[in-house]
Structures are given as C-alpha cells and as structure tokens.
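What follows is a single structure, written as structure tokens, with notes after it.
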Amino acid sequence: MKNAYVNRIWEEVKAKNANEPEFLQAVEEVLTTLEPAVDKMPELEPNAILERMVEPERVIMFRVPWMDDAGNYHVNRGFRVQFNSAIGPYKGGLRFSKEVNLSVLKFLGFEQVLKNSLTTLPMGGGKGGSDFDPHGKSDKEVMRFCQSFMTELYRHIGADVDVPAGDKNVGGREIGYLFGQYKRIRDEYTGVLTGKGLTFGGSLIRTEATGYGLIYFAREMLKVKGQDFKGKTCVVSGSGNVAQYAAEKLIQLGAKVVTLSDSSGYIYDADGITQEKLDWVKELKCVKRGRISEYAKQFPSAKYFEGKKVWEVKCDCAFPCATQNELLEADAEMLLKNGVKLVAEGANMPSDNAAVAKFQAAKIMYAPGKASNAGGVATSGLEMSQNSERLSWSAAEVDAKLDSIMCNIHDNCLNTAKRFGLVDGEYVNYQAGANIAGFVKVAEAMIAQGLV
Ligand code: NDP
C-alpha cells in the first residue's frame with residue numbers, strides 16, 4: 001500500500017489481529033481500495049479515523065447453555081460485535097454455524113458498516129451469532145438454544161441500540177424464537193429484530209430481498225452496457241435464502257439458471273431451473289431441510305456433482321450466494337477461461353482477494369457483496385421504519401423501494417468510481433467505488449461527532 005497512513009494502519013492491524021485471518025482479509029481488501037480517498041482527505045489521520053474504523057466499539061462474548069431432547073446439557077459460545085454506530089444503531093445479522101468465531105464475526109461486522117452506509121439508511125454496523133449448528137437439531141432444540149442465547153443478548157440490544165437480523169442458518173424459525181424470548185424478558189413489543197414473521201411485525205419482501213436486490217444491482221450493471229439478462233446462462237452457488245431468491249429473480253428476468261449447490265456438492269440442470277423446480281427446492285431446503293443432491297433424483301434433466309463447485313460450469317454470469325471464500329483464484333481462472341462476463345456477490349466475501357484481482361485484471365463486470373447484497377439489510381431498515389410507524393406496506397411498495405435503493409447503490413458506486421478516476425473505457429471498478437462511497441459517509445459522521 002503506497003499511502004503512508006494506510007500502510008501504517010495495515011501494519012498495526014496485522015500485528016494486533018494475527019489470529020484473525022478472515023478479519024485481516026476483509027480489512028486488506030478495503031484498505032487497498034481506499035487510497036484515492038485517503039490521499040484527498042488530510043483530515044482523516046488527525047482524527048484517527050482509520051484506527052477507529054478497524055476497531056469494534058464493543059465485543060460481547062457469552063456462554064449459551066442449552067439442553068437437547070434427550071436431556072443432555074450442551075454449552076456453545078455466543079457473540080455480538082458492535083462495530084460502528086456513527087450513522088445509526090448497530091445493525092447486522094446473527095449467524096449460527098460451527099465456523100463462527102471472532103475473526104469471522106469481525107470481518108462480517110467490518111463489512112456491514114460500509115454496506116449499511118451504502119444503503120443510504122441510518123444504520124450502523126454489527127454482527128453476531130454462535131458456533132451452534134442447527135443442522136440435524138429438532139425444532140424444540142433450536143427453540144431452547146434461541147431462548148438461552150437471547151437470555152443474555154437481550155441486555156445488549158434494543159430498537160434504538162442494536163437491531164440484529166438473520167444470516168446463515170438463522171431464518172424465520174430462529175428469529176421467531178429469539179423475538180418471543182426478547183418480548184418475554186423485556187415485556188415490550190418493539191422492532192428489536194428484523195426478518196420477523198408477517199404476523200408479528202415482519203416486512204413483506206424481506207425474505208426475498210437479498211436475492212432480488214442482488215439481481216437488481218446486476219441488472220443495472222448490464223444496463224450500463226446496453227444489455228439485459230434475456231437468454232444469459234447463469235450459475236448460482238448455495239441453495240439457501242440468498243441463492244433461492246437470486247435464482248427466482250433471474251428466472252423472472254429471462255435468464256437460464258443452471259446450478260444450485262450446498263456444502264456437499266452442486267446440481268447442474270441442462271434444461272434450466274424453472275419456477276416450478278425452484279418451488280420444489282424451497283420446500284426441500286426450508287421445510288424438509290434436505291440436501292441439494294435430491295434435486296437430481298427428482299428431475300432427470302439434472303446431474304449431481306459431489307464435492308465439486310459450480311464455477312467449473314460455463315456461464316455468462318456467476319452469482320456466489322453461499323459463504324465466504326467459496327470462490328478462490330483457480331475458480332476465478334476457470335470462470336474467466338469459460339468466458340464469464342459478470343460476477344456479482346450475494347454472499348459476504350465469497351471471492352478471496354486473489355480471485356477479485358483476477359476479475360479486475362480481466363476487466364469483467366464485478367460487484368462486491370457489500371454493494372450487491374445490501375438489499376437484505378436495506379429491507380431490514382424498511383422493516384424498522386414500518387415497525388416505528390406501526391404500519392405494514394404492501395409487497396409492491398417494499399419491492400419498489402428495494403429496487404430504487406439498489407439502483408441508488410449502483411449509481412453511487414459508479415459515480416464514486418468516476419469521481420476517483422476508477423473507470424477505464426467500458427470498465428468500472430465497482431469494488432473501489434463501493435468501498436470509498438461507504439467509507440466517506442461514515443468517516444464524515446465520525447469526524448463531526450468528535451473522538452468517541
Ligand atoms: P442460508 O443458511 O440460507 O444458506 C446458505 C447456503 O450456502 C446453504 O445452501 C449452505 O449449504 C451453503 N453453504 C454453506 N457453506 C458452504 C460451502 N462451504 N460451500 C458451498 N455451499 C455452502 O444462508 P443465506 O442464504 O442467508 O446466506 C448466504 C450468504 O449470504 C452468507 O454469506 C450471508 O452472510 C450472506 N448474506 C445473507 C443475507 C440474508 O439476508 N440472508 C444478507 C446479506 C448477505 P449447507 O446446507 O450444506 O450448509
């Protein structure tokens with residue numbers, strides 16, 4: 001890194017967080033793209049803005065004891081990372097997964113700060129979760145775990161303090177149990193969580209929002225080049241919330257979606273995944289909680305590839321929607337060799353920094369998750385507004401607002417890239433545009449609020 005201030009911060013972050021590889025990866029990705037802004041903003045260093053941006057305001061870690069159906073006791077670890085509240089209450093999802101640790105949650109919280117800033121809504125950044133894995137657990141076990149988790153978390157959150165949502169393995173079922181326990185302990189009915197069920201304060205379109213928003217963003221990228229999705233072959237990874245609704249919107253816009261995956265392997269459907277087949281996947285994943293391999297048994301046009309990743313499939317557009325670091329340098333090379341023209345991230349940090357460098361060098365259209373998957377948190381922000389108003393908006397109203405927010409995020413990234421000289425002919429550096437646009441707003445708010 002050329003800028004002396006940026007370089008000093010990077011060295012300090014590495015020394016202080018040596019055991020947190022995901023967090024370091026996320027910070028490096030952002031710092032390397034911020035230099036044009038830091039060069040033009042001499043007020044940052046005397047205000048210690050970068051020092052404060054890379055340090056969470058607060059980290060809470062706690063014990064979560066719970067009992068399984070057979071009466072055995074278990075103990076998991078719970079976390080909430082309250083990263084930055086310069087532009088609003090902390091906001092960000094809860095993840096339940098064996099992989100959860102401080103490094104993963106700090107990377108997610110750090111990214112969330114910039115993402116929430118991009119949405120234009122007044123939301124700070126946070127993230128939380130547990131190393132509890134709901135796979136294979138009964139509904140009652142999940143309920144007891146969620147109740148125990150909230151019995152500690154409740155004292156750190158609130159509708160104007162910190163508003164968690166779902167993330168990997170935290171969907172409608174988990175949010176319902178968490179909300180019920182919060183209401184019981186606090187004896188108050190507020191919008192303290194988003195992603196709630198429609199009968200108790202949830203917003204229409206929140207379930208669809210991240211996937212739909214991703215495709216709205218990608219549609220805008222194509223539009224800049226006078227293109228659209230009609231007839232384009234698309235690969236989608238994952239088969240959870242984000243993947244399902246990314247696939248649904250792609251189908252609606254005339255694309256041919258040929259893959260879905262889970263952590264065991266992927267399916268390739270040569271005829272394309274139709275809405276009918278996708279409805280079957282939703283039932284499989286959200287109700288039966290089955291594996292994607294079952295798709296190939298159900299639909300003869302499909303083949304299942306155990307232990308493989310979707311990136312080996314030839315496509316025009318690729319949408320990583322599963323998890324961090326699922327798309328590495330060799331995967332990027334494979335996609336480029338097969339002629340990919342657009343990669344837009346539904347997951348958080350799915351491409352590692354080497355893969356992103358390949359996309360940038362090849363000058364294809366590349367959208368970083370913190371911009372292209374911001375539709376989920378944006379619609380959470382809309383859920384908060386509806387809860388405050390004690391009103392519910394129609395699906396069409398929320399969808400129109402989501403679409404307009406995604407267009408604004410796209411234009412903000414594009415215009416920021418233009419302003420900082422990060423556009424070269426047809427090529428737009430959306431990655432730097434997103435990081436700089438998100439960062440500048442937070443930095444200005446922090447400077448205005450003094451040394452806190
Ligand atoms: P879900 O839990 O609904 O789905 C995750 C999917 O990814 C599952 O199909 C899961 O399969 C698969 N998966 C997990 N690990 C791997 C792996 N190593 N390789 C391949 N597939 C894997 O989560 P979401 O869809 O909600 O979230 C997906 C990503 O999107 C995460 O990065 C999340 O942070 C991000 N995101 C989510 C938002 C939301 O609103 N939900 C908002 C913004 C970002 P399996 O069943 O085998 O675990």
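What follows is calculated from the coordinates using simple rules that are stated; it is not laboratory data. Please read all numbers here as calculations on a predicted model, not as lab measurements. Note that we place each Cβ from the backbone using ideal geometry, even for glycine, and neighbour counts take in every protein chain shown.
Take every DSSP beta bridge whose two residues both sit in the chain, then give the antiparallel share in percent to the nearest 5.
The answer is about 60 percent antiparallel.
Say a paramagnetic label sat at a point 7 Å from the Cα of residue 77, along Cα to Cβ; which residues of region 118-136 have their backbone N under 13 Å from it?
Flagged as within label range: 129-132.
What order do you get for 304-313, 26-35 when each peptide is scored by the mean count of other beta carbon atoms within 10 Å, highest first?
Values: 304-313: 17.5, 26-35: 21.4.
The densest-packed peptide leads the list: 26-35, 304-313.
Would you mind pulling out the separation of the Cα centroids of region 37-95 and region 237-267, in Å?
With region 37-95 and region 237-267 each reduced to a Cα centre, they are spaced 30 Å.
On the principal axes of its Cα set, how long, how wide and how thick is region 209-367? Give whole Å, largest value first.
41, 30, 26
Among the trypsin sites (Lys or Arg not before Pro) in region 352-424, which ones are in a DSSP loop with at most 15 other Cβ atoms within 10 Å of the Cβ? Mind listing them?
For trypsin sites (Lys or Arg not before Pro) across region 352-424 that sit outside H, G, I, E and B with at most 15 neighbouring Cβ atoms in 10 Å, the list reads 363, 390.
For region 280-297 and region 343-360, write down the distance between their C-alpha centroids in whole Å.
27 Å
Size of the dipole of region 58-189 about the Cα centre, Lys and Arg at +1 and Asp and Glu at -1 on the beta carbon, nothing else charged, in debye to 20?
My answer is approximately 200 debye.
Can you say what percent of the DSSP beta bridges in region 58-189, counting only those with both residues inside, are antiparallel? Round to 5.
Details: 18 of 25 bridges.
The antiparallel proportion sits near 70 percent.
Regarding the chain, what are the three Cα extents along the principal axes, ordered largest first, in Å?
60, 53, 43
Which links in 230/277; 277/337; 223/441; 285/309 stretch past 22 Å when you go from one Cα to the other?
277/337; 223/441
If you bin the C-alpha pair distances of region 407-452 every 5 Å from 0, what whole percents do you get?
All Cα pairs considered, the percentages come to 5, 24, 25, 17, 13, 9, 5, 2, 1.
Take the eigenvalues of the Cα gyration tensor for region 1-70, scale each by 5, and report the square roots as semi-axes in whole Å, largest first.
Working: eigenvalues 232, 36, 21 Å².
Working through the eigenvalues yields semi-axes of 34, 13, 10 Å.
On a C-alpha basis, how far is the centre of region 423-452 from the centre of region 1-28 in Å? Whole number, if you could?
So the separation of the two Cα centres works out to 18 Å.
Which percent, to the nearest 5, of DSSP beta bridges fully inside region 300-452 are antiparallel? Each step should come with its number before you reach the end.
Values: 2 of 8 bridges.
Among the beta bridges of region 300-452, antiparallel pairing accounts for roughly 25 percent.
Once you have the Kirkwood Rh of region 287-338 from its Cα pairs, apply Stokes-Einstein at 10 °C and 1.306 mPa s and quote D in µm²/s.
Details: Rh = 12.9 Å.
Using the Kirkwood radius from Cα pairs, D works out to 123 µm²/s.
Once region 312-403 is represented by equal point scatterers at the alpha-carbon sites, with solvent omitted, what log10 I(q)/I(0) does the Debye formula produce at q = 0.18, 0.22, 0.23 Å⁻¹?
At q = 0.18, 0.22, 0.23 Å⁻¹ the computed log10 ratios are -0.76, -0.97, -1.04.
Please arrange 156, 135 by how many other C-beta atoms lie within 10 Å of their C-beta, fewest to most.
135, 156
Return the loop-located GluC sites (Glu not before Pro) in region 41-138 (DSSP other than H, G, I, E, B) with at most 12 other Cβ atoms within 10 Å of their own Cβ; answer none if there are none.
Sparse-neighbourhood loop GluC sites (Glu not before Pro): 43.
Starting from region 149-216, pick out the GluC sites (Glu not before Pro) whose DSSP state is loop and whose Cβ has at most 13 other Cβ atoms within 10 Å.
188
So how much slack lies between residue 274 and residue 198, counting 0.36 nm per residue of separation and subtracting their Cα-Cα distance, in nm? Walk me through the intermediate numbers first.
Working: separation 76, 0.36 × 76 = 27.36 nm, distance 2.66 nm.
The span from residue 274 to residue 198 would gain 24.7 nm if fully extended.
Stokes-Einstein at 20 °C, 1.002 mPa s, Kirkwood radius from Cα pairs: D for region 65-149 in µm² s⁻¹?
156 µm²/s
Using 0.36 nm per residue, how much length does the chain from residue 67 to residue 227 gain when fully extended, once their Cα-Cα distance is taken away?
Additional length available on full extension: 52.2 nm.
Between residue 447 and residue 353, what length comes free when the chain is fully extended (0.36 nm per residue of separation minus the Cα-Cα distance, one decimal in nm)?
Using 0.36 nm per residue and subtracting the Cα-Cα distance, I get 30.9 nm.
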